[in-house]
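These notes are about the structure you will find just below.
The values are calculated or read from the model by the stated rules, or taken from the named source; none is laboratory data. On a predicted model such as this, the values are computed, not experimentally measured, just so you know. Here the Cβ is made from the backbone with ideal geometry for all residues, glycine too, and neighbour counts use every protein chain on show. Keep in mind that these areas ignore ligands, DNA and RNA; they rest on the heavy atoms of the full protein, side chains included. Shrake-Rupley method; radii C 1.70, N 1.55, O 1.52, S 1.80 Å.
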Amino acid sequence: MPSLNGHGPKRAILYARVSTDEQARSGYSLAQQMEALRDYASREGYEVLEEVSDPGQSGASLERPGMDRVRDLVQAGEVSVVLAQDRDRFAREPAYLYILKKEFEEHGCALRALNSRGDDTPEGELTDGILDQLGRYERAKVAERSRRGKHRAASEGKVITAQSVPYGYRYISKGKAVVPDEAELRTVRRIFESVAAGTSLYKVKQSLDEEGVPTPSRKAKFWSQTYLKKLIMQDAYRPHAHEELAALVSTDVAAGLDPNHSYGVLWYGRQRHHLGQRAENGPNGRIYRKTKKSISVDRERWIAVPVPDAGIPREVVDAARERVKNNKRPAKTGKRAFWELSGGVARCGHCGRALTCVWTGTKEKPRFYYRCNTRFMHGPEGCGHLKNHRAEMIEDAVWREVSSLLKEPERLRTGVERYIEQERHGSGDVEHEMRLWAKQLADVEAKRYRYQDMAAEGLIDFDELRSKLGALRADRRTAARELEVLSARAERLASLKLEMDTLIGAYADKASRGLDLYTPDDKHAAYRALGVTYLAYQDKPPALTIEAIRSNTETPC
């Protein structure tokens, strides 16, 4: 549609975004942004069609509920401009800003931020582009300074705010430390003493629930056996003598501890987390799910932070740990402890659906299977895969293949490096292709300006101009789409390379100490981390794919 700017009522959408849950809960940042946008719209004579906000949403992705709403409104037409306080409110990545700008221009709508320094000329766009890159660099530096600051604070014996405080302690911001919560610690001591004396985790859980002892989480109404085991295995409750702790912390931290007291240990940096978000099609439209990928860090890189002694004798702690160390994960269904290939690791080779876990027989002699449930859900027109696959057989087959890989960390490392290299150069250098598509977008814009100048000088008529601009719009859409795909691919490869050494070290170290240390839960985590997919078929051998090394092998079942 033609632009309404200067030729009709000026209609605006106001957009605000905050990137953290803390900002979202306070509402201060959103309110401040909206107030500034309303003042600007009033001064410039804009009619505000709608105010859209994205609380707690990252600008690293375009998949945001509020931004989807803005894009839908612009596509519907009659929007002159979308306003935001800063350019990085639209997106943190310059490529995403470019995509939004060109998408909105096709509907006669401008993308404008109150901190923009340029105008609609090529020189103005260049100025804004440079500012976007500088902003991206500054944000990267801030994130790195924050990470290093937390690392330094933990090395100085301070508790990091973002770190979860163990049950029985509470955080005090002054001094960045934790202090005992005696009411909760009495419950902790009771748990250790009961388990050390031979009481099962289930009996302890049942007793706590019956007495109405509050759980550590406000969301949980009842205690869980899984949490009780994790609590018992925490070093915060195990007393460490001053000499023992001095070997774990720096000299300065050790000097500040009382040599006549013992301390617990709170570990910082045990895992690295990558937070993201993905959009899915739900029954009532798009839904957004937060994603979190955690990678274990080598123990040598953990940082010990001393905490006050919980008052539990060391022999009690060790006795309780000994009793629960071989406990398996409690069954969710009451029929089987854990399904190693659940969650999409095992899939139907015909329709691609994740296999469902089922059981038959009696409680005394149950038999466990994986099967494709499409036929049972959708009838004869569904998938024709009717075979039930014995759980023990295919789980053993998958573990044999993966465990052989875990015993050879160098083979795994080589495979991951080859995979990254193939992804980067197999279908063309990602960075090189991004530069080419960005150049093509710039060429399209340059041609558009030249055609407009030619029309203004009477060298071509408006029908010719309309035809040429229509062809350019198609080229622009193609280039913008390719740039968005390549940007996502480059981000995925960078993330995989960053996590490679940590992932390989964590799993290979455990494998070298003995594969019997792997619980079913550990195996499942290894499969997910390595990108294992087991494809089961009705009438032919299964296929096992390990994404980390891009290997496809025929596995007997």
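Separation between the S200 and N388 pseudo-spin-labels, each 7 Å from Cα along Cα→Cβ, expressed in nm?
Using points 7 Å along Cα→Cβ, the separation is 2.7 nm.
In cubic angstrom, how much convex hull volume per residue do the alpha carbon atoms of the stretch 195-236 span?
So the per-residue hull volume is 79 Å³.
Show H524, H273 ordered by accessible area, largest first, where the area counts protein heavy atoms only and the probe is 1.4 Å.
In descending accessible area the options line up as H273, H524.
Would you kindly find the accessible area of E47, with a 1.4 Å probe and non-protein molecules such as ligands, DNA and RNA excluded, rounding to the nearest 10 Å²?
90 Å²
Need one number: nm distance between label points at H151 and E63, each 7 Å from Cα along Cα→Cβ, rounded to one decimal.
3.0 nm
Indicate the gyration tensor shape class of the stretch 231-273 (rounded, prolate or oblate), computed on the Cα atoms with a ≥ b ≥ c the square roots of the eigenvalues: a/c under 1.5 is rounded; otherwise a/b larger than b/c is prolate and the rest oblate.
oblate
On full extension of the chain, what length is gained from N260 through F462, given 0.36 nm per residue of separation minus the C-alpha to C-alpha distance?
63.8 nm
Using a Förster radius of 60 Å, what is the FRET efficiency between D539 and Q32 based on their Cβ-Cβ separation? Nearest 0.05, please.
My answer for the efficiency is 0.40.
Give the accessible area for S194 in Å² (nearest 10); use a 1.4 Å probe, count only protein heavy atoms, and leave out ligands, DNA and RNA.
40 Å²
For K447 and R411, FRET efficiency with R0 = 56 Å and r from the beta-carbon atoms, rounded to 0.05?
So, using R0 = 56 Å, E works out to roughly 0.65.
Run the 1.4 Å probe and let me know the accessible area of R299, rounded to the nearest 10 Å².
Roll a 1.4 Å probe over it and R299 shows about 130 Å².
Please arrange H385, H350 by accessible surface area, largest first, computed with a 1.4 Å probe and ligands excluded.
Heavy-atom accessible area, descending, gives H350, H385.
Report the calculated FRET efficiency for S173 and K221 (r = Cβ-Cβ distance, R0 = 35 Å), to the nearest 0.05.
Calculated transfer efficiency: 0.70.
Report the label-to-label distance for K10 and R299 in nanometres (one decimal), using points 7 Å from each Cα along the Cα→Cβ vector.
6.6 nm
Output the pairs from K176/K203; K365/K387; K102/K150; K102/K468 with a Cα-Cα distance over 28 Å in this structure; if there are none, say none.
Violating the 28 Å Cα-Cα cut-off are K176/K203; K102/K150.
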